[in-house]
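This report refers to the structure that appears directly beneath it.
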Amino acid sequence: MENKDKTPATPESVMEIIREISLSIKESRIELAESRVELAESRAKFDHELAESRAKFDRGLAESNTKFGREMAEFRQGLAESSAKFEREMAEFRQGLAESSAKFDRKMEESNAKFKREMEDSRADWNLKMKELNEMIGGTANSNGMFAEEYFFNSINSGDKTLFGEKFDACYSSLKRYNKNNRTKSEHDILLVNGKSVAIVEVKYKARKEDIQKIINKLPAFRTLYPQYGSHRIYLGLAAMSFDNNVENVSVNNGIAIIKQVGDMVVIHDEHLKAF
């Protein structure tokens with residue numbers, strides 16, 4: 001290896017190196033100062049821009065808040081107006097409903113009163129017509145009953161008064177008697193009597209099944225009101241111009257004679273006649 005000799009350092013060279021180092025440090029300090037200035041300027045610019053942005057944001061926020069507050073106030077005002085309008089409309093509706101209800105109630109009362117009057121008028125008219133009809137029917141029934149009673153009485157009384165195998169001394173029509181002490185009363189259409197027997201004949205224009213029991217039910221009153229016949233045999237008969245179905249058979253089976261018109265004749269069925 002080849003050896004080279006180094007140049008020995010001199011004061012001048014050292015001072016030169018020191019000057020160079022000092023100059024380099026000075027230049028570095030200048031660059032650093034300039035960098036700090038630039039940094040400060042950049043920071044100031046950033047701070048300024050940040051302040052402007054914040055101010056702009058704050059202004060926008062304030063404007064938004066103002067606008068929102070204004071819109072909220074308008075909304076509250078509109079809501080209050082709508083609520084007030086709704087309350088007014090509801091009050092008007094309630095008033096209209098109350099008036100309609102009152103009007104309806106009045107109409108219902110008037111209708112009910114009218115209906116009641118019409119029903120009363122109709123009932124009165126119906127009752128009048130029914131009364132007239134009943135009087136007409138009653139008159140017809142009474143007329144028919146009187147005709148039947150007169151027919152059978154004349155048929156029996158005009159003959160020899162022989163009935164149920166016995167000859168009777170007397171024949172009576174439409175006998176009525178009342179005892180005020182015991183309030184007992186009786187009515188018999190035809191009554192025939194002799195010294196030992198009594199014949200009681202119930203006359204109907206048209207005989208019905210219930211008439212059979214009515215004849216039997218009259219016996220206690222007859223015995224009370226006609227004590228002179230207490231020892232007499234009592235015979236019962238049912239006379240009619242016509243009979244409901246099976247009335248004749250039931251009557252005969254109960255020991256009650258049947259007397260009816262057949263053409264111009266009076267026919268008597270007393271096959272099972274019994275003394276009561």
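Any read-out appearing in this document is the output of simple, stated calculations on the displayed coordinates, not a laboratory observation. If you're wondering where the values come from, they're calculated on a predicted model, not measured in any experiment. FYI the Cβ positions are ideal-geometry reconstructions off the backbone, even for glycines, and counts take in every protein chain you see.
Where both residues lie in the chain, what percent of DSSP beta bridges are antiparallel, nearest 5? Write out the running numbers ahead of the final one.
Numbers: 20 of 34 bridges.
In the chain, DSSP labels about 60 percent of beta bridges as antiparallel.
Taking the simple approach of a point 7 Å from Cα along Cα-to-Cβ for both R183 and A275, what is their distance in nm?
Those two pseudo-labels are separated by 3.5 nm.
Taking neighbour counts of Cβ atoms within 10 Å as a proxy for exposure, in what order, fewest first, do F243, F147 appear?
On the way: F243 20, F147 13.
In increasing order of surrounding Cβ atoms, one gets F147, F243.
Taking neighbour Cβ counts within 10 Å as the exposure measure, how do D270, D47 sort from fewest upward?
Numbers: D270 17, D47 10.
With the fewest neighbours first, D270, D47 line up as D47, D270.
Using unit Cβ charges (K, R positive; D, E negative) and no other charged atoms, how large, in debye to the nearest 20, is the dipole of region 198-244 about its Cα centre?
Numbers: 8 positive and 4 negative charges, 7 e Å.
The dipole of region 198-244 has a size of about 40 debye.
Long-range amide H contacts for T184: which residues qualify at under 5 Å (H placed 1.01 Å from N, peptide plane, sequence gap of 5 or more or a different chain)?
Under 5 Å from the amide H of T184: N179.
What is the helix-to-structure angle for 11-157, meaning the angle in degrees between its Cα long axis and the longest Cα principal axis of the chain, kept from 0 to 90 and rounded to the nearest 10?
In the chain, helix 11-157 runs at an angle near 10 degrees to the longest axis.
Report, in listed order, any pair from K185/K214; K176/K196; K196/K218; K209/K260; K161/K260 with a Cα-Cα distance greater than 18 Å. Walk me through the numbers on the way to the answer.
Working: K185/K214 14 Å; K176/K196 22 Å; K196/K218 20 Å; K209/K260 15 Å; K161/K260 16 Å.
Table pairs above 18 Å Cα-Cα are K176/K196; K196/K218.
How long are the semi-axes of the ellipsoid equivalent to region 161-269, from square roots of 5 times the Cα gyration tensor eigenvalues, in whole Å, largest first?
Equivalent-ellipsoid dimensions as semi-axes: 23, 17, 12 Å.
In deg cm²/dmol, rounded to 500, what helix-only [θ] at 222 nm does the chain give when every DSSP H run of at least 4 residues adds -39500 (n - 2.57) and the total is split over its residues?
-23000 deg cm²/dmol
What is the gain in length, in nm to one decimal, between R76 and L23 on full extension, counting 0.36 nm per residue of separation less the C-alpha to C-alpha distance?
Full extension from R76 to L23 adds 11.4 nm.
Report the full-extension gain for the segment S83 to L50: residue separation times 0.36 nm, less the Cα-Cα distance, to one decimal in nm. The partial results should precede the final answer.
On the way: separation 33, 0.36 × 33 = 11.88 nm, distance 4.68 nm.
Extra length from S83 to L50 when fully extended: 7.2 nm.
Would you list which lysines come within 29 Å of K56, measuring only between C-alpha atoms, while excluding same-chain residues fewer than 8 positions from it?
Partners within reach: K45, K67.
Of E52, E248, E150, how do they rank once you tally other Cβ atoms within 10 Å and put the fewest first?
In increasing order of surrounding Cβ atoms, one gets E52, E150, E248.
Report which label in (i) 1.48; (ii) 3.69; (iii) 0.99 holds the value of Cα Rg over 2.2 N^0.38 Å derived from the coordinates of this structure.
Of the labelled values, this structure produces (ii).
Cross-link candidates for K274: which aspartates and glutamates have Cα within less than 18 Å, leaving aside residues fewer than 8 places away along the same chain?
Output for K274: E166, E202, D211, E248.
State, to one decimal in nm, how far the label point of N245 lies from the label point of R233, with both points 7 Å from Cα in the Cβ direction.
Placing both labels 7 Å along Cα→Cβ, they lie 3.6 nm apart.
Which whole-number percent is the relative contact order of the chain (Cα, under 8 Å, 6+ apart)?
10 percent
Could you give the dipole magnitude of the chain about its Cα centre, charging the beta-carbon of Lys and Arg +1 and that of Asp and Glu -1, in debye to the nearest 20?
That gives a dipole near 2660 debye.
Dipole of region 140-187 (Lys/Arg Cβ +1, Asp/Glu Cβ -1, origin at the Cα centre): which of L163, S174, A148 lies farthest to the positive side?
S174
Below 26 Å, Cα to Cα, which lysines can K116 reach? Residues fewer than 8 away in the same chain don't count.
Excluding near neighbours in sequence, the set is K103, K107, K129, K131.
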